[in-house]
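Report on the structure given below.
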Ligand SMILES: Cc1cc2nc3c(=O)[nH]c(=O)nc-3n(C[C@H](O)[C@H](O)[C@H](O)COP(=O)(O)OP(=O)(O)OC[C@H]3O[C@@H](n4cnc5c(N)ncnc54)[C@H](O)[C@@H]3O)c2cc1C
Ligand SMILES: Cc1cc2nc3c(=O)[nH]c(=O)nc-3n(C[C@H](O)[C@H](O)[C@H](O)COP(=O)(O)OP(=O)(O)OC[C@H]3O[C@@H](n4cnc5c(N)ncnc54)[C@H](O)[C@@H]3O)c2cc1C
């Protein structure tokens with residue numbers, strides 16, 4: 001993500017240490033401060049929160065937020081949280097590659113900031129791409145300090161893949177806007193201080209031209225969050241009813257009626273965030289499972305393991321290539337699709353390996369896989385469905401006619 | 001791991017691309033497919049001598065440029081795009097890698113400079129006359145020694161460019177196990193018969209040896225370990241070539257889908273064609289990632305080579321086959337004709353997928369390797 005260049009605050013970056021020195025410092029810091037993958041403290045999958053009851057979900061989500069927040073604060077205090085951001089936004093004014101170095105290191109450890117992905121990845125993409133310096137200085141520092149989390153209020157019952165059909169309306173009032181409407185499938189709405197909101201400011205007939213993007217404060221009257229139960233039986237996303245919530249002037253991101261443009265930036269960063277996830281390495285876990293079950297010499301099992309390993313590694317290597325500047329057409333859609341495919345493949349692979357044990361959820365070996373199995377279909381939908389990603393690759397990546 | 005290409009590497013890619021654009025258009029590929037040599041020796045001399053591409057990964061002390069597999073991979077990827085007919089895989093990858101792996105200084109000094117210069121073409125002969133798998137245990141060439149030196153007797157097949165290579169590196173059995181021997185392709189006792197290859201852009205031959213004079217390369221009985229490394233390198237190099245071919249046929253399919261009109265619209269506007277091509281894009285980019293990673297491993301981190309090579313073997317061949325097959329589909333009836341280039345790639349894809357172990361074999365090995373490594 002070319003954030004610091006968009007910010008135009010290259011000021012301090014000449015004085016910044018060189019890449020090798022910085023990389024060594026980051027390495028050493030992680031050695032001293034980050035839990036190893038597979039250790040008891042590993043929280044690299046903490047963002048995949050679900051619970052069987054609302055209470056259990058809330059408890060786990062609070063835990064996930066807490067763990068992520070502590071980690072983010074630690075990173076911040078070490079000067080390693082979004083270092084390429086300008087200092088007035090909470091960063092270090094470091095060159096762009098500094099973020100890559102931290103992210104690459106982070107992916108090797110038992111840590112994750114994905115719980116805060118909307119705040120740490122999508123909100124900055126939108127604010128650096130379309131916001132003002134004042135907005136960046138206002139919204140970004142609490143995010144980078146781990147103090148505030150964000151969610152995304154895009155989908156509505158009548159506008160899923162087709163977001164041009166959003167009906168939630170923002171009307172001008174004294175000092176800002178008043179918002180009313182209904183959003184659905186909102187992940188992590190509960191703990192969030194802010195939402196990136198797409199709302200209609202023009203007429204219905206204007207379609208995508210009548211949309212604008214806002215930062216909406218979630219903790220205010222007029223916002224009613226109702227947890228939705230998902231297919232696993234757990235809770236992860238919500239319906240959000242908005243009735244006369246207030247957004248001050250500073251909350252309009254990009255111009256009035258520029259919502260579609262902002263949305264494209266947001267969705268691109270979302271795809272990249274999902275596809276570029278540092279989520280749990282499920283093939284490593286699959287390998288562990290096969291070994292514990294003593295199935296290493298089963299040819300069929302080996303074929304399954306190899307397929308999962310190939311998909312996971314090629315996804316990783318593709319991400320690294322993109323980070324290294326290789327031109328991959330429609331890169332975000334490519335990694336997002338590879339990722340959802342990987343999640344599906346590895347969870348289905350594990351079920352085959354588990355055999356009968358995969359029919360019960362109270363077996364300690366099967367439990368985590370069943371959770372993944374029942375989450376994987378959602379990964380093919382959230383953040384733009386597999387079909388929409390294929391359309392994007394074909395039309396924008398390969399240049400095929402609409 | 002470093003995926004970024006240097007300016008020099010990008011420049012190399014451009015140079016190779018331009019050279020092949022000029023020297024290996026489809027008309028030339030088709031012309032060479034009908035010749036008995038299968039390649040144009042003058043072009044090969046330019047490729048090796050003028051551009052120094054045959055010796056790219058050969059150390060400077062043996063007349064090469066002293067680069068590594070990342071650079072060689074760039075050349076192979078570009079060669080794969082145009083189906084460049086040349087002893088690239090045989091001489092530059094298999095034979096040179098075998099010599100380097102065996103580490104016989106005097107043989108290297110005798111052979112590698114000429115391979116680098118393109119004045120000698122070489123190949124590796126390892127497969128028995130009827131082979132289902134890459135299996136060195138099944139070698140059917142025996143080496144015996146008398147007062148005048150070593151001689152080889154037996155039959156070996158599927159030898160890449162075996163009918164033209166000046167120098168044959170033959171895997172043969174001695175009392176001590178498998179060894180590699182250098183045999184002059186034109187020596188008495190060497191009978192070479194071209195095989196009828198499915199892929200006419202890459203030749204193979206059967207070689208019958210009858211007390212042919214041979215020179216032992218490396219230590220007697222020590223070939224197995226070296227050959228395992230050579231097959232890994234060959235798998236990786238072939239992976240790069242397969243990626244080049246796959247990327248090229250995907251381009252052809254995309255270009256055609258934009259211009260072919262049926263039902264009053266370009267067929268590329270039909271969603272089933274769009275989604276097919278999008279999936280092929282994922283397939284090609286994934287294979288490319290596996291290949292680039294393995295090329296880097298070959299150059300910088302040889303301990304990881306077996307795993308990286310089997311990752312390549314487990315996906316690149318299939319990626320090329322899928323892309324080449326679907327390219328024909330997108331082209332409709334015209335893609336099924338002799339005149340259209342789609343079948344040239346289809347045949348290359350299917351043949352190259354079987355050269356150094358099938359994808360299924362590589363996946364089995366990959367699984368064995370990752371399951372044996374202690375990762376959890
Ligand atoms: C786990 C999860 C988390 C989510 N989190 C959030 C969130 O935090 N915030 C938020 O705003 N939304 C969120 N969503 C909503 C998500 O973005 C939508 O579900 C998604 O965009 C699809 O919209 P839809 O469900 O209305 O399906 P629809 O758009 O009705 O699609 C139904 C089917 O039709 C296909 N389809 C639709 N249009 C086309 C087309 N043009 N070509 C081909 N096929 C098409 C789709 O691919 C899909 O298979 C989440 C969803 C899930 C599952
Ligand atoms: C072996 C063979 C024998 C044949 N014998 C005969 C014969 O005896 N007599 C005869 O008249 N013809 C014959 N044909 C021609 C055959 O019927 C056509 O090749 C076929 O109908 C496809 O037409 P096309 O080649 O023009 O491809 P196109 O119609 O141009 O199709 C190209 C690609 O676009 C796809 N496509 C086209 N329209 C759509 C759409 N609406 N939605 C999604 N995808 C679409 C196709 O599926 C194909 O993948 C033969 C073809 C072959 C290969």
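None of the figures in this text is laboratory data; all of them are computed from the coordinates on show. Computed from a predicted structure; not experimentally measured. So basically every Cβ, Gly included, is an ideal-geometry build from the backbone, and we count neighbours across all protein chains shown.
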- DSSP beta bridges in chain A: the antiparallel percent, rounded to 5, is 85 percent
- Let me see the pair-distance distribution of region B:1-40: every alpha carbon pair, 5 Å bin width, integer percents in order. 6, 21, 17, 15, 13, 11, 10, 7, 1
- Query: Top mean-square fluctuation among A:349, A:164, A:361, Gaussian network model of chain A, C-alpha springs under 10 Å?
  - Reply: A:361
- Message: Ignoring everything except DSSP H segments at least 4 long, calculate the 222 nm mean residue ellipticity for the protein assembly as shown; use -39,500 (n - 2.57) per segment, divide by total residues, nearest 500.
- Response: -15000 deg cm²/dmol
- Query: Hey, how much of the P(r) for chain A falls beyond 39 Å, as a percent of Cα pairs?
  - Reply: 17 percent
- Query: Tilt of helix A:299-323 relative to the longest C-alpha principal axis of chain A, in degrees (0 to 90, nearest 10)?
  - Reply: 30 degrees
- Task: Provide A:336, A:114, B:258, B:347 in ascending order of the number of other Cβ atoms located within 10 Å of each residue's Cβ, fewest first.
- Result: B:258, B:347, A:114, A:336
- So what's the angle, to the nearest 10 degrees on a 0 to 90 scale, between helix A:133-144 and the longest Cα principal axis of chain A? 30 degrees
- Item | Global geometry of the protein assembly as shown, whether rounded, prolate or oblate, following the gyration tensor of its Cα atoms and the 1.5 cut on a/c | prolate
- Query: For region B:124-221, what ratio Rg/Rh do Cα atoms give with a Kirkwood hydrodynamic radius?
  - Reply: 0.96
- When chain B is modelled as a GNM with alpha-carbon springs shorter than 10 Å, which of B:361, B:200, B:262 fluctuates the most? B:262
- Figure the gain on full extension for residue B:225 and residue B:34 (residue separation times 0.36 nm, minus the Cα-Cα span) and round it to one decimal in nm. 65.0 nm
- Of all DSSP beta bridges located in the protein assembly as shown, what percent are antiparallel, nearest 5? 85 percent
- Of B:236, B:321, how do they rank once you tally other Cβ atoms within 10 Å and put the fewest first? B:321, B:236
- Descending packing, highest mean Cβ count within 10 Å first, for A:131-138, A:212-219, B:71-78, A:294-301 is B:71-78, A:212-219, A:131-138, A:294-301
- Note on the structure: Applying the gyration tensor rule to the Cα atoms of region B:56-181 (axes a ≥ b ≥ c; rounded if a/c under 1.5, else prolate if a/b exceeds b/c, else oblate), the class is oblate
- Report the residue, chosen from A:72, A:220, A:285, that carries the largest GNM mean-square fluctuation when chain A is represented by alpha-carbon nodes joined by springs under 10 Å. A:220
- Query: Over the Cα atoms of region A:174-311, what Rg and Dmax result, in angstrom?
  - Reply: 21.7, 72
- Sort B:157, B:91, B:24 so the one with the fewest other Cβ atoms within 10 Å of its own Cβ comes first. B:157, B:24, B:91
- Query: Across bins of 5 angstrom width beginning at 0, how are the C-alpha pair distances of region A:280-397 distributed, in whole percent?
  - Reply: 2, 12, 20, 19, 18, 12, 9, 6, 2, 0
- Query: What is the calculated FRET efficiency for residue A:182 to residue A:147, with r their C-beta to C-beta distance and R₀ = 30 Å, to the nearest 0.05?
  - Reply: 0.55
- Item | Prolate/oblate/rounded call for region B:7-120, Cα gyration tensor, a/c under 1.5 rounded | oblate
- Note on the structure: Restricted to chain B, the DSSP antiparallel beta bridge percent, nearest 5, is 85 percent
- If you count, for each residue, the other Cβ atoms within 10 Å and average over each peptide, how do A:306-314, B:308-316, B:137-145 line up from highest to lowest? B:308-316, A:306-314, B:137-145
- Item | Principal-axis tilt of helix A:282-292 within chain A, Cα atoms, nearest 10 degrees | 20 degrees
